[in-house]
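Remarks on the structure that follows.
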Amino acid sequence: MSADPKTVVCFGDSNTHGTRPMVRFGERGRYAADVRWTGHLRAALPDSVTLIEEGHPGRTTVHDDPIEGVHKNGLPALQVALETHRPIGLLLIMLGTNDFKARYSVTAADVARSVDRLLRIVKTSESGPDSGVPKLFLIAPPPIEERGCLAGIFEGGSAKSRGFAPLLEEVAREHGAAFLDAGSVIRVSKVDGVHFEEDAHAVLGKAIAVEVSRML
């Protein structure tokens, strides 16, 4: 008899969606499914695993976007995703990049505590197997760089983002979640300082797959 199916949900922003680095603001290029880090993760997992991509460009942790719209807020979106895809065996969250836009005026500590709030929602959602809690995996996105067409939007964010990973690791520890600092294995594109090049997607997907395979 084959193994019971497992559902893995990848909840994130444009870098989970697979947005290509932007030469001009507003470009909507997206990598093919097998190029995105989620595609590399999928290829490393057995067929019994169902992998679901929940990547929304511009998604924040808990903030309504005053320019692009309230639908960019990750808090209500997470609640919908949890109910949509349950039972969820493993939930991966890679968020925080968009919180470092100048329009939000938050610190790295604020962003880490915002992720903590998301995890508290997960733990009461009854979205795991047998109405329990899914296994949790937090990924700190690599620090941003103020480059190209996105430099003004992320003004001041580069320095703040460099202190995010250790704070998020503390949150992961508090919740018994797995943790990966993506900045330890990849860098953002030199084109726009936010999104990933193809080779970075491949490296990140394979690094995540090592931990996911262990957890499953």
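The values are calculated or read from the model by the stated rules, or taken from the named source; none is laboratory data. Fair warning: this is a prediction, and the values are worked out from it, not measured in the lab. Cβ placement follows ideal geometry from the backbone for every residue including glycine, while neighbour counts extend to all protein chains displayed.
The listed residues are 205, 176, and the only one of them that is surrounded by fewer than 17 Cβ atoms within 10 Å (Cβ to Cβ), out of contact with any Pro (no Cβ under 7 Å at 6 or more places or on another chain), within 30 Å of residue 123 (Cβ to Cβ) and small (Gly, Ala, Ser) turns out to be 176. Within the stretch 197-214, is there a residue that is on the phi > 0 side of the Ramachandran plot, in contact with a helix residue (DSSP H, G or I) (Cβ under 7 Å, 6 or more places away or on another chain) and modelled with pLDDT of 95 or more? So far as the stretch 197-214 goes, no, none of its residues is on the phi > 0 side of the Ramachandran plot, in contact with a helix residue (DSSP H, G or I) (Cβ under 7 Å, 6 or more places away or on another chain) and modelled with pLDDT of 95 or more. Residues that are within 21 Å of residue 90 (Cβ to Cβ) and more than 16 Å from the chain's Cα centre (by Cα): does the stretch 175-192 have at least one? Scanning the stretch 175-192, I find at least one residue that is within 21 Å of residue 90 (Cβ to Cβ) and more than 16 Å from the chain's Cα centre (by Cα), so the answer is yes.
Return the only residue of 133, 62, 80, 115 being within 18 Å of residue 13 (Cβ to Cβ), without any contact (Cβ under 8 Å) to a residue 40 or more places away in the chain and out of contact with any His (no Cβ under 9 Å at 6 or more places or on another chain). Criteria check complete, one pass: 80.
Take residues that are basic (Lys, Arg) and surrounded by 16 or more Cβ atoms within 10 Å (Cβ to Cβ) and tell me which of the strands (runs of 3 or more DSSP E) falling wholly in the stretch 6-119 contain 3 or more. Spell out how you get there, then give the answer.
On the way: elements: 6-12, 49-55, 90-94.
Per the criteria, no element qualifies.
Going by the structure shown, is residue 164 under 14 Å from the mean Cα position of the chain (by Cα) and surrounded by fewer than 22 Cβ atoms within 10 Å (Cβ to Cβ)? When the stated conditions are applied, residue 164 does not pass them.
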